[in-house]
Amino acid sequence: MINIGVIGCGYWGPNYVRVFNELQNSKSYYACDLDMKKMDQIKKLNPSTLLTENYENILANPDIHAVCICTPASKHFEIAKQALLAGKDVLVEKPLALSSVDVKELMQLANEKKRILMVGHVYKFNPGIEKLKELIASGELGKIYYIHLLRIGFGPFRTDVNAMWDLAPHDISIVTDLLGVEPMSVSATGASYLQPGIEDVVFLTLNFPNKVIAGIHVSWLNAYKDRTITVIGSKKTAVFDDIKKELKIYDKSVTANDNVVGDYSKFQFLVRDGDITIPKLDSAEPLKKQCMHFLDCIEKRNQPITDASDGLKVIKILEAGQRSLKQNGIPTTIE
């Protein structure tokens, strides 16, 4: 039995407590948060889980094998570093840290201590994303033109990071995984409506090789929630709705007609309009698959799929986006 300490029980923490208690080879041994109302709710749903207001009690406990860090992003580096120094394997919610310098320090420390360090890029374990990746790799969609990703809703509102750092790590992880390459440059524009200097809406554009572009729209201000990923290819278009857990494949395409003679502009394009198919997706919960992978890595001492280097890749893209954001959208290369 692998005993897990969950640090931070605000938005995602309670889900981790539940999942680690549901899995056969793990237990949410301890949970930590400063808000006792949240802790009371944790206790009601998970009576066997011990509670503390001080995460250092978790790090000092020899019965705890690993920790899951779900605190505000500004605390990720500090707590992850202490956890590694305490000899714990570590799973950190995205983003892994708020600078590439800090991520590199965590990577070095994890290597020195021979500890597992994993970041919560949960969409790599999402059946819809796995199917999208399969469609792209098989060539069924044809040449990929562009990808559009929406992650909008009403809150939760952060005070330590902007909407890009809060929401876009998922989409950056998704799109780099789907395409298998990193972008050459990033441009970002946004606005701060609620808090000066903290953008609550951001439009991010990633420029990839072969003229592929990805547009990411993140916002805390939309009155409705939307989690949609659209992949436009030369043969077909695929749309994954993460809220509905539904993937639609549109058998539509348009190609230039090279056989046009004379000035017949309306005949210059050949349009194909086929069926819409909705493949059945695996019903497995992505968070549960992610936690199972973390536990498997602990048992076998394997490198996680979403290891610290995966986290570093995302952080470098976010840093480029932040530089562009401060320069009103000027395309910025990734350092």
- Task: Return the total of residues in segment 214-242 being in a strand (DSSP E or B), surrounded by 15 or more Cβ atoms within 10 Å (Cβ to Cβ) and touching a residue at least 12 places away in the same chain (Cβ under 8 Å).
- Result: 19
- Item | Residue list for segment 26-56, restricted to those being surrounded by fewer than 21 Cβ atoms within 10 Å (Cβ to Cβ) and under 25 Å from the mean Cα position of the chain (by Cα) | 27, 38
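Go through segment 33-79 and report how many residues are assigned to a helix (DSSP H, G or I) and among the charged types (D, E, K, R).
Within segment 33-79, the subset assigned to a helix (DSSP H, G or I) is 36-45, 55-59, 73-79.
Going one step further and asking which of them are among the charged types (D, E, K, R), we end up with 37-38, 40, 43-44, 56, 75, 78.
Final tally of qualifying residues: 8.
In segment 101-149, which residues are of a type in the set (S, T, N, Q) and buried (at least 18 other Cβ atoms within 10 Å of the Cβ)?
Going residue by residue through segment 101-149, those that are of a type in the set (S, T, N, Q) are 108, 111, 126, 138.
Matches in segment 101-149: 126 only.
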- Message: So residue 305 passes all but one of these: (1) within 18 Å of residue 181 (Cβ to Cβ); (2) crowded, with 19+ Cβ neighbours inside 10 Å; (3) among the aliphatic types (A, V, I, L, M); (4) in contact with a His (Cβ under 8 Å, 6 or more places away or on another chain). Which condition number does it fail?
- Response: (2)
- Task: Mind listing whichever residues of segment 271-292 are out of contact with any helix residue (DSSP H, G or I) (no Cβ under 7 Å at 6 or more places or on another chain) and either crowded, with 17+ Cβ neighbours inside 10 Å or of a type outside the set (Ser, Thr, Tyr) (or both)?
- Result: 271, 272, 273, 274, 275, 276, 278, 280, 285, 292
- Note on the structure: When segment 134-159 is checked residue by residue, the ones that are assigned to a loop (DSSP other than H, G, I, E, B) and either closer than 13 Å to residue 200 by Cβ or not acidic (Asp, Glu) (or both) are 139, 141, 142, 143, 155, 156, 157, 158, 159
- Note on the structure: residue 176 vs (1) farther than 20 Å from residue 230 by Cβ; (2) not in a loop (DSSP other than H, G, I, E, B): all pass except (1)
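Laboratory data are not the source of any read-out in this text; all were calculated from the coordinates shown. Remember, it's a predicted structure, so these values are computed and weren't measured experimentally. Note that each Cβ is placed from the backbone with ideal geometry, even for glycine, and that neighbours are counted across all protein chains shown.
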